[in-house]
Amino acid sequence: MFGRKKASSRTQGKARPGPWDLSALLNAADASASLPERHLWLIRLLEWLRHATLPADGPPAAESAPAATPMPLLRLRHLLNVLERHPEHQAEIAALLARFWREVDVAALLADFGFSPRRDLSGELGQRLRLRLLPGTPATSDLAELFGLLFPQSSDALWMDALDDPTLERLTALLAPAAAASAGGPNWRAPFLDAITFLASAVRATGFSPTVRQRMSPELLVSQPFRQLALVAEQIRAHAEGGDTPALLREAQYLRALLDTCRRCADSVHLHLEDHGVSVDVVFAVEQLRERTQRIEDLLICVLSPEPGRDITRLTAALVRTADERRSIRALFARHYSLLARKVAERSAETGEHYITRDRSEYRQMLRAAAGGGAVLAGTTFMKFFVLALGLSTFWAGFFAGVNYAGSFVLIHLMHWTVATKQPAMTAPAMAAKLDDVSNDAAVEGFVDEVAHLIRSQAAGILGNLALVMPLVLTAQFAWTAAFGAPLIGTKDAQHVLDTLSLLGPTPLYAAFTGVLLFLSSIIAGWVENWFVWHRLDSAIAWNPRIVARLGTARAQRWSIYWRNNISGLTANISLGLMLGLVPAVASFFALPIEVRHVTLSTGQLAAAVGALGFDILHQAPFWWCLAGIALTGGLNLAVSFFLAFKVALRSRGIRLTDRSRIYRAIRRRLWQRPGSFIVPPRD
């Protein structure tokens, strides 16, 4: 079965092994083949381990494994059995492996694999896209580049972790002589020591980079851990090559202490980012620094281990998992945007606190603020009909409608009034900020109190908005009719309102989509405020010489405080208004019939329709279907925006599923025991 084929057939490429045929694979092993052919042979051998079926006779009964043993491990044992019975195959494969270890750069795998050559997130994203979209080639001596072709599946790490000691000893007996022969002697530690040196230099370079160094704790940098790192790594290499074991152990202990200090320095960067804004590139650089320090520790374990086979296998399995992770774009964003998501949520939380009422005086104040917002939106309603009456093209109609909305929302913000539907997207992060500690029942009950406060606040906001928008629009319609003999909004537009706002149409879908836009406006606001703080623009406005010379010291200080306090609110209102107007216009360009449904604006439009058609419309079904549609619109506007914002806030804080279940049970218990607390505010 395993008879040798002629060498000429291998060198001439006439015998290509089948993917699951072990005999063909062993016959095709050729140490004198070209580098791509030898690497391709190794790739096919590992494919055989993953996918081949054992022969009918299987492994010997004495070596039979329990059902939980991974199948690649059983195939590896079978391969070792075959090689022990056929020394000619074993000699050829040993020669091939010796040439493999001699020609590939092992240190590149140990030092570079899993790390981005650039220190920013965009560089890593581009690299991952290339890994996913472009095919790799085995014609390379860079083991880091070849590793992804050798181990393309994360499941390879499972059978490596399951390697038992007898099988590992047999595998080491096959690989170790080849590695020693390729290195010219028994010093297999050389690539590991090289990798430690390379990694130490990379960690030092990151620690010295301005964007990271300036944000580290000065107290931790007093001992100069990054400056000493490369020097200690060189000393470890010298002691290892000189055989001075006591000195090697002493320097290794010192290196571990330096690595721990470097990691604490990296943690201090996160504390700085909490206070002064977040940059994903800095977060990425810090994460790379921490991972490199951990890789140095793993390599050091292998160098110092009296029996390194198990530790090297464990390291290889970790690299296999890294290979799978490096192909995942989702994992990249999930890991490195978590801190930015938290900061955006916290920026929104600072604004959201203003929208939560906790007593009756604040509740009455919210009613007044919402009433003012409703008065402004009554005028917004008529401006929308005016823009539509101009007969502009789709884009410009959407643009000026967005300007109308944005101007109205900004006016409401500057007058310290409120729009009810903006509350959930801003208050959800503020609520999530109360979830830093939910380890006890008192903390959970405190959070339920916040939920009750929020629901009452939203109810007050909607009630205040609608309490003025409807009577003001009706009053304007009747006044215009009395003055000019016809309503400001005609019957044609009124009939169009009845047709579009009805619950029987796509109103629920449009209302939910509007909730998404409300959520996006809060995210945009948090991101812009984080950008504003990160670049210290408030300090620049207050102290920049040219600005101070033009505005004066006192005015520059006031402007600095004003923009710091209002950048989030202005961004949220402007972005929301423009999205409400422009997103449907842009969607229509792609033939997507998407519109927006805002509860307060829809109520104003329905009031305008009643003013045009008269109160007799109250006795007809279309009016009541529109009223039901508006009620559902309000619920969906609030629920969708709150759900999305709250989910982001929970994820940014790492709230576990078990804690979420406790919170949901507590809310249901409060609803059953004290339902009135969600409607009536407590006494002052």
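The values are calculated or read from the model by the stated rules, or taken from the named source; none is laboratory data. Being a predicted model, the structure only gives us computed values, none of them experimental. All Cβ positions, even for glycine, are placed from backbone atoms using ideal geometry, and neighbour counts span all protein chains on display.
Being farther than 20 Å from residue 40 by Cα and buried (at least 16 other Cβ atoms within 10 Å of the Cβ) is a description that applies to residue 168. Looking at region 43-52, can you tell me whether even one residue there is in a loop (DSSP other than H, G, I, E, B), more than 33 Å from the chain's Cα centre (by Cα) and modelled with pLDDT under 90? Scanning region 43-52 turns up at least one residue that is in a loop (DSSP other than H, G, I, E, B), more than 33 Å from the chain's Cα centre (by Cα) and modelled with pLDDT under 90. Listed here are the helices (runs of 4 or more DSSP H) enclosed by region 185-297 that have at least 3 residues being crowded, with 16+ Cβ neighbours inside 10 Å: 190-208, 225-242, 245-276. Can you spot a residue in region 505-516 that is at negative phi and without any contact (Cβ under 8 Å) to a residue 40 or more places away in the chain? Looking for residues that are at negative phi and without any contact (Cβ under 8 Å) to a residue 40 or more places away in the chain, one finds at least one in region 505-516, hence yes. Checked against the criterion of being surrounded by 15 or more Cβ atoms within 10 Å (Cβ to Cβ), touching a residue at least 24 places away in the same chain (Cβ under 8 Å) and among the aliphatic types (A, V, I, L, M), region 548-568 contains one or more residues that satisfy it.
Does region 273-284 include one or more residues that are out of contact with any Asp or Glu (no Cβ under 8 Å at 6 or more places or on another chain) and of a type in the set (Phe, Trp, Tyr)?
To start, the set of residues in region 273-284 that are out of contact with any Asp or Glu (no Cβ under 8 Å at 6 or more places or on another chain) comprises 273-280, 282-283.
Among the residues that remain, those that are also of a type in the set (Phe, Trp, Tyr) are: none.
Among the residues of region 273-284, not one is out of contact with any Asp or Glu (no Cβ under 8 Å at 6 or more places or on another chain) and of a type in the set (Phe, Trp, Tyr), which makes the answer no.
Can you name every one of the helices (runs of 4 or more DSSP H) wholly within region 499-598 that holds 3 or more residues which are closer than 29 Å to residue 646 by Cβ?
Working: elements: 507-534, 537-543, 545-551, 553-589.
By residue number, 507-534, 553-589.
Here region 351-395 is the region considered, the condition is being hydroxyl-bearing (Ser, Thr, Tyr) and outside any loop (DSSP other than H, G, I, E, B), and the residue that is modelled with the lowest pLDDT is 351.
Here is a list: 126, 114. Which entry is closer than 23 Å to residue 147 by Cα and outside any loop (DSSP other than H, G, I, E, B)? Full working, then the answer.
On the way: 114 fails: outside any loop (DSSP other than H, G, I, E, B).
Among 126, 114, only 126 is closer than 23 Å to residue 147 by Cα and outside any loop (DSSP other than H, G, I, E, B).
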